[in-house]
Amino acid sequence: MTQNTTVSLPLRPLEADFIQTLEKVLGQKNAIAGIAEAAASRPLKDIYFVGCGGSFSSSVHAHSLLCRHSKKLQAWNLNAAEFMAQPPARLGASSLVILSSHSGATPETAQAALFAKSYDAYVVSLSQELNTPLANTADTALVYYSPRTVTPGKQLLLLQLVIELLEHVDNLDVSAWRDALPALPAALQQYLDKQEAVGDAIAKSIAQGGDIYVTAAGANYGAAYTLSYCYLMEMQWRNATPVLAGDFCHGPFEMILPGAHLVVFHADDDSRAMTQRAIDFARRYTENVHVFDAAGFSLPGAAPEVKARFAAIALGLMGTRLADHLEHHTGHSLDDRRYMYKVEY
């Protein structure tokens with residue numbers, strides 16, 4: 001579907017309190033350490049990240065880190081409705097269930113919290129504010145207090161929890177990860193600023209029309225999911241789909257035709273070869289290959305492997321900011337919906 005590019009909307013400014021919001025998130029470190037201590041004492045065996053849409057994809061990063069680094073914990077990333085319809089056999093008192101909802105009132109997610117409690121699981125909520133159905137059900141509620149700094153707020157809360165769990169349950173030395181956290185808010189802001197021209201150019205191209213495929217690998221796949229489902233389909237009414245980079249050449253590449261767009265979240269970790277393969281192939285068949293490269297993300301004082309582990313948060317920000325630029329170029333408000341909040345569903 002070709003968008004109307006004749007009437008633009010003002011470009012939303014970058015959040016003035018972006019750094020302060022994330023610093024407040026980091027300030028919840030004691031509460032997060034308490035969650036890890038309480039869960040570890042149960043003893044903890046399984047972690048379930050539960051949510052819908054963007055809240056589901058916000059936990060892809062944390063889920064991937066746990067799967068990669070923990071030998072004692074099994075981690076799962078599940079849609080809230082499926083979590084209840086097909087409850088995991090291992091769900092019980094040795095489970096930590098972490099549920100995310102920006103409003104704290106997403107029906108499936110709020111119900112899933114009650115469902116998890118009925119199994120004696122330890123329940124943690126992530127939302128914008130306290131005193132919501134989800135937060136009031138949880139054993140511990142974590143908040144990020146921002147209407148706009150949403151995905152990085154959730155990811156940074158979850159990253160801290162992963163660090164604490166790896167220390168308390170796996171007895172890993174995570175000091176290098178923990179020491180790198182204070183520099184992260186400013187580093188993310190700097191990356192946002194550096195990528196403004198890149199995001200604007202990509203949005204200008206996408207605004208002209210054409211199907212959109214978004215690919216990423218590993219911990220970065222959440223960025224592809226959020227951009228496709230939340231920003232492009234829900235908020236811009238565009239034909240789009242997320243593609244795991246490892247699956248790109250197992251079907252999706254057949255749709256890379258002239259005029260199609262491929263947006264790539266290109267990590268600089270050990271998944272990079274998968275997205276590079278997609279980039280190299282797509283450039284042979286379409287001129288619309290758009291790359292957000294984590295190699296341009298810097299985290300002062302952090303070892304390269306630590307920076308690479310945190311870069312998924314930076315790439316996720318690129319998807320959010322791309323949506324702002326798309327709104328500007330298409331004239332289609334990110335707040336407009338066809339069905340959501342307007343009809344029964």
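I'm told Val264 meets every condition in (1) within 24 Å of Gly51 (Cβ to Cβ); (2) touching a residue at least 40 places away in the same chain (Cβ under 8 Å); (3) within 21 Å of the chain's Cα centre (by Cα) except one. Can you identify the failing condition by its number?
(1)
Looking only at the range 46-78, count every residue that is of a type in the set (A, V, I, L, M) and open to solvent by 10 Å² or more (accessible area, probe 1.4 Å) and tell me the total.
4
Can you name the residue in the range 267-278 that is in contact with a His (Cβ under 9 Å, 6 or more places away or on another chain) and without any contact (Cβ under 8 Å) to a residue 60 or more places away in the chain and, of all such residues, is farthest from Arg238 (Cα to Cα)?
Among those residues, the one meeting the criterion is Arg272.
May I ask you to list the residues in the range 242-270 that are touching a strand residue (DSSP E or B) at 6+ places or on another chain (Cβ under 8 Å), under 27 Å from Arg309 (Cβ atoms) and modelled with pLDDT of 95 or more? So that I can check it myself, show each step before the final result.
Here is the first cut: in the range 242-270, the ones touching a strand residue (DSSP E or B) at 6+ places or on another chain (Cβ under 8 Å) are 242-245, 248, 252, 255-256, 259-268.
Still in the list and also under 27 Å from Arg309 (Cβ atoms): 242-245, 248, 252, 262-268.
If the condition is that a residue be touching a strand residue (DSSP E or B) at 6+ places or on another chain (Cβ under 8 Å), under 27 Å from Arg309 (Cβ atoms) and modelled with pLDDT of 95 or more, then Pro242, Val243, Leu244, Ala245, Phe248, Pro252, Leu262, Val263, Val264, Phe265, His266, Ala267 are the ones that fit.
Give me the residue from the range 279-312 that is charged (D, E, K, R) and touching a residue at least 40 places away in the same chain (Cβ under 8 Å) and, out of that set, farthest from Asp179 (Cα to Cα). Before the answer, list the steps.
Step one: filter the range 279-312 for residues charged (D, E, K, R), giving 280, 283-284, 287, 293, 305, 307, 309.
Among the residues that remain, those that are also touching a residue at least 40 places away in the same chain (Cβ under 8 Å) are: 307, 309.
Details: Lys307: 12, Arg309: 14 Å.
The selected residue is Arg309.
Residues of the range 201-221 being closer than 24 Å to Leu299 by Cα and open to solvent by 10 Å² or more (accessible area, probe 1.4 Å), which ones?
Scanning the range 201-221 gives Gly218, Ala219, Tyr221.
Looking only at residues that are open to solvent by 10 Å² or more (accessible area, probe 1.4 Å) and charged (D, E, K, R) in the range 150-173, which one is nearest to Gly51 (Cα to Cα)?
Ranking the candidates gives Glu164 first.
Among the numbered conditions (1) closer than 25 Å to Val169 by Cα; (2) in contact (Cβ under 8 Å) with a residue 12 or more places away in the chain, tell me where Leu114 comes up short.
(1)
Regarding the range 127-134, can at least one residue be identified that is closer than 30 Å to Phe18 by Cβ, open to solvent by 10 Å² or more (accessible area, probe 1.4 Å) and among the hydrophobic types (A, V, I, L, M, F, W, C)?
Looking through the range 127-134, at least one residue is closer than 30 Å to Phe18 by Cβ, open to solvent by 10 Å² or more (accessible area, probe 1.4 Å) and among the hydrophobic types (A, V, I, L, M, F, W, C).
For a quick check of your reading of the model, give me the residue pairs whose first member lies in the range 319-342 and is open to solvent by less than 30 Å² (accessible area, probe 1.4 Å), whose second is assigned to a helix (DSSP H, G or I) and modelled with pLDDT under 95, with beta-carbon atoms closer than 8 Å and at least 6 apart or on different chains.
Matching pairs, first to second residue: none at all.
Among the residues of the range 242-272, which ones are part of a helix (DSSP H, G or I), surrounded by fewer than 19 Cβ atoms within 10 Å (Cβ to Cβ) and of a type in the set (Gly, Ala, Ser)?
Of everything in the range 242-272, just one residue is part of a helix (DSSP H, G or I), surrounded by fewer than 19 Cβ atoms within 10 Å (Cβ to Cβ) and of a type in the set (Gly, Ala, Ser), namely Gly246.
Would it be correct to say that Glu234 is open to solvent by 10 Å² or more (accessible area, probe 1.4 Å) and more than 18 Å from the chain's Cα centre (by Cα)?
On the way: open to solvent by 10 Å² or more (accessible area, probe 1.4 Å): yes; more than 18 Å from the chain's Cα centre (by Cα): no.
For Glu234, the condition - open to solvent by 10 Å² or more (accessible area, probe 1.4 Å) and more than 18 Å from the chain's Cα centre (by Cα) - is not met.
Can you list the helices (runs of 4 or more DSSP H) lying wholly within the range 25-86 that have 1 or more residues being within 14 Å of Leu157 (Cβ to Cβ) and touching a residue at least 24 places away in the same chain (Cβ under 8 Å)? Quick ask: steps written out before the conclusion?
Numbers: elements: 29-40, 54-57, 60-69, 80-85.
Passing ranges, in order: 29-40, 54-57, 60-69.
Looking at Thr275, is it touching a Ser or Thr at 6+ places or on another chain (Cβ under 7 Å), surrounded by fewer than 20 Cβ atoms within 10 Å (Cβ to Cβ) and at negative phi?
Numbers: touching a Ser or Thr at 6+ places or on another chain (Cβ under 7 Å): yes; surrounded by fewer than 20 Cβ atoms within 10 Å (Cβ to Cβ): no; at negative phi: yes.
Considered against the rule, which asks whether it is touching a Ser or Thr at 6+ places or on another chain (Cβ under 7 Å), surrounded by fewer than 20 Cβ atoms within 10 Å (Cβ to Cβ) and at negative phi, Thr275 comes out as no.
The values are calculated or read from the model by the stated rules, or taken from the named source; none is laboratory data. Source: prediction; values computed, not measured. Note that we place each Cβ from the backbone using ideal geometry, even for glycine, and neighbour counts take in every protein chain shown. Calculation scope for accessible area: heavy atoms of the full protein, side chains included, ligands and nucleic acids excluded. Shrake-Rupley method; radii C 1.70, N 1.55, O 1.52, S 1.80 Å.
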